[in-house]
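Chemist: Pasting in a structure now, in structure tokens, and then I'll have a few things to ask.
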Amino acid sequence: MLVNARDMLIKAKKEGYAVGQFNINNLEWTKAVLLTAQECNSPVILGVSEGAGKYMTGFKTVAAMVKAMVEELNITVPVALHLDHGTYEGAQKCIEAGFTSVMFDGSHYGIEENVEKTKEIVALAHSKGISVEAEVGSIGGEEDGVTGKGEVADAQECAMIAALGIDFLAAGIGNIHGKYPANWQGLDFEALEKIMNATEGMPLVLHGGTGIPADMIKKSISLGVAKINVNTECQLSFAAATREYIEAGKDQQGKGYDPRKLLAPGFEAIKATVKEKMELFGSVGKA
Ligand code: 13P
């Protein structure tokens with residue numbers, strides 16, 4: 001069932017678990033995430049970066065594929081189709097294309113401009129029943145061309161953005177896209193607590209879910225995180241399983257080169273990663 005992400009995150013925050021956002025890249029990725037969510041009876045958010053949207057030939061293609069796949073696979077758990085780190089123009093395009101949720105990432109603007117642009121996206125999205133995520137502070141590292149220095153979000157600025165009627169807020173707390181470096185200092189829980197207190201009940205979003213240790217994940221959920229984004233970890237699982245298949249020469253045995261066979265181990269690996277995350281985030285059985 002394709003829905004916006006508002007109610008699923010309010011419920012998650014109230015009941016003390018987080019919904020996973022898993023970024024998709026193609027049909028196999030989408031199918032793997034949807035089937036796992038259904039098997040786990042878990043709500044789920046499909047994340048689409050602007051780069052991935054372009055790769056899949058455009059947001060309209062993505063929206064049509066996801067809508068049809070939810071129907072054809074009889075997916076009854078709540079599914080949100082969400083733009084990840086959207087630009088102002090990208091968010092507008094996704095609202096038109098049939099996404100059910102958008103992130104407008106105005107974190108690289110000054111706070112006044114972030115407030116103004118976020119306000120406009122909220123008005124447009126909410127007029128169509130689409131949920132909105134905004135960002136304050138920045139997520140370190142790089143994802144699909146979106147780079148950030150990893151500034152820790154200021155609690156007062158978070159309160160300003162939260163007051164605009166957004167549905168959930170991404171706040172930089174030392175989290176990084178991609179793999180964490182060996183000298184990573186960990187998440188800034190003091191900052192997270194301040195943000196939680198300043199934004200009163202707002203579901204918070206933890207980006208950079210790949211490689212965050214389980215105890216830090218659990219602690220962030222206890223401090224108001226209701227959505228956790230995972231991208232790189234599915235890519236790593238997919239790549240490792242595909243490499244193993246090819247290195248074992250299986251693509252050269254019988255019709256092992258058939259894409260449906262060649263991509264099957266990677267597909268199963270994505271499923272296993274998504275299931276593991278849903279168990280860790282506590283969303284299993286919460287649909
Ligand atoms: P990772 O690639 O580090 O899992 O981050 C995903 C993310 O935050 C998407 O916005």
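Chemist: For the stretch 127-150, name all the residues that are open to solvent by 80 Å² or more (accessible area, probe 1.4 Å) and not in a loop (DSSP other than H, G, I, E, B).
Modeler: Glu142, Thr147
Every residue, every condition in (1) of a type in the set (A, V, I, L, M); (2) modelled with pLDDT of 95 or more; (3) under 25 Å from Leu204 (Cβ atoms), yes or no:
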{"position": "Gly20", "(1), (2), (3)": "no, yes, yes"}
{"position": "Asn23", "(1), (2), (3)": "no, yes, yes"}
{"position": "Ala32", "(1), (2), (3)": "yes, yes, no"}
{"position": "Ser42", "(1), (2), (3)": "no, yes, yes"}
{"position": "Val62", "(1), (2), (3)": "yes, yes, no"}
{"position": "Glu72", "(1), (2), (3)": "no, yes, no"}
{"position": "Thr76", "(1), (2), (3)": "no, yes, no"}
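Chemist: Right, something else. Test Met202 against the criterion of being modelled with pLDDT of 95 or more and assigned to a helix (DSSP H, G or I), and give yes or no.
Modeler: no
Chemist: Please verify whether the stretch 78-85 includes one or more residues that are acidic (Asp, Glu), at pLDDT 95 or above and outside any strand (DSSP E or B).
Modeler: So far as the stretch 78-85 goes, no, none of its residues is acidic (Asp, Glu), at pLDDT 95 or above and outside any strand (DSSP E or B).
Chemist: Condition first: open to solvent by 20 Å² or more (accessible area, probe 1.4 Å) and without any contact (Cβ under 8 Å) to a residue 12 or more places away in the chain. Now tell me which residues in the stretch 253-263 satisfy that.
Modeler: Once the filter is applied, which keeps residues that are open to solvent by 20 Å² or more (accessible area, probe 1.4 Å) and without any contact (Cβ under 8 Å) to a residue 12 or more places away in the chain, the stretch 253-263 yields Gln253, Gly254, Lys255, Tyr257, Asp258, Pro259, Arg260, Lys261.
Chemist: Now for a separate question. Return the residues of the stretch 86-103 that are open to solvent by less than 40 Å² (accessible area, probe 1.4 Å) and part of a helix (DSSP H, G or I); say none if nothing qualifies.
Modeler: Residues satisfying the conditions are Gly90, Ala91, Cys94, Ile95, Ala97.
Chemist: Looking at (1) within 16 Å of the ligand (Cβ to nearest atom); (2) under 30 Å from Asp154 (Cα atoms); (3) outside any loop (DSSP other than H, G, I, E, B); (4) in contact (Cβ under 8 Å) with a residue 40 or more places away in the chain, can you tell me which one Ser107 breaks?
Modeler: Result: Ser107 passes all but (3).
Chemist: Which residue out of Asn23, Asn74, Asn41 is polar (S, T, N, Q) and under 28 Å from Asp154 (Cα atoms)?
Modeler: Residue meeting the stated conditions: Asn23.
Chemist: Does any residue in the stretch 134-153 that is among the acidic types (Asp, Glu) come within less than 6 Å, Cβ to Cβ, of a residue that is buried (at least 20 other Cβ atoms within 10 Å of the Cβ) and assigned to a loop (DSSP other than H, G, I, E, B) six or more places away or on a different chain, and which pairs are these?
Modeler: Cβ pairs passing all conditions: Glu135/Asp105; Glu135/Ser107; Glu143/His177; Glu151/Gly137; Glu151/Ser138; Glu151/Gly172.
Chemist: What is the one condition in (1) among the aromatic types (Phe, Trp, Tyr); (2) touching a strand residue (DSSP E or B) at 6+ places or on another chain (Cβ under 7 Å); (3) open to solvent by 20 Å² or more (accessible area, probe 1.4 Å); (4) in contact (Cβ under 8 Å) with a residue 40 or more places away in the chain that Phe59 does not satisfy?
Modeler: Answer for Phe59: the failing condition is (2).
Chemist: Within the stretch 225-252, track down each residue that is touching a Pro at 6+ places or on another chain (Cβ under 8 Å) and surrounded by fewer than 21 Cβ atoms within 10 Å (Cβ to Cβ).
Modeler: Those that are touching a Pro at 6+ places or on another chain (Cβ under 8 Å) and surrounded by fewer than 21 Cβ atoms within 10 Å (Cβ to Cβ): Ala241, Thr242, Glu244, Tyr245.
Chemist: Separate question: How many residues does the stretch 12-29 hold that are assigned to a loop (DSSP other than H, G, I, E, B) and within 13 Å of the chain's Cα centre (by Cα)?
Modeler: 3
Chemist: Oh, and also: Taking helices (runs of 4 or more DSSP H) that do not extend beyond the stretch 208-264, which have at least 2 residues that are touching a helix residue (DSSP H, G or I) at 6+ places or on another chain (Cβ under 6 Å) and within 13 Å of the ligand (Cβ to nearest atom)?
Modeler: Working: elements: 214-222, 232-247, 259-262.
Once the helices (runs of 4 or more DSSP H) in the stretch 208-264 are filtered for at least 2 residues that are touching a helix residue (DSSP H, G or I) at 6+ places or on another chain (Cβ under 6 Å) and within 13 Å of the ligand (Cβ to nearest atom), what remains is 232-247.
Chemist: In contact with a strand residue (DSSP E or B) (Cβ under 6 Å, 6 or more places away or on another chain) and away from the ligand (no atom under 16 Å from the Cβ): which single residue out of Ile176, Ile195 fits that description?
Modeler: Working: Ile176 fails: away from the ligand (no atom under 16 Å from the Cβ).
Checking each option against the conditions leaves just Ile195.
The values are calculated or read from the model by the stated rules, or taken from the named source; none is laboratory data. Keep in mind that this is a model prediction, so the values were computed, not measured. A quick note on method: Cβ atoms are made from the backbone with ideal geometry, for glycine too, and the neighbour counts reach across all protein chains shown. Each accessible area value is taken on the protein alone, full model and side chains, heavy atoms only, with ligands, DNA and RNA left out. Shrake-Rupley method; radii C 1.70, N 1.55, O 1.52, S 1.80 Å.
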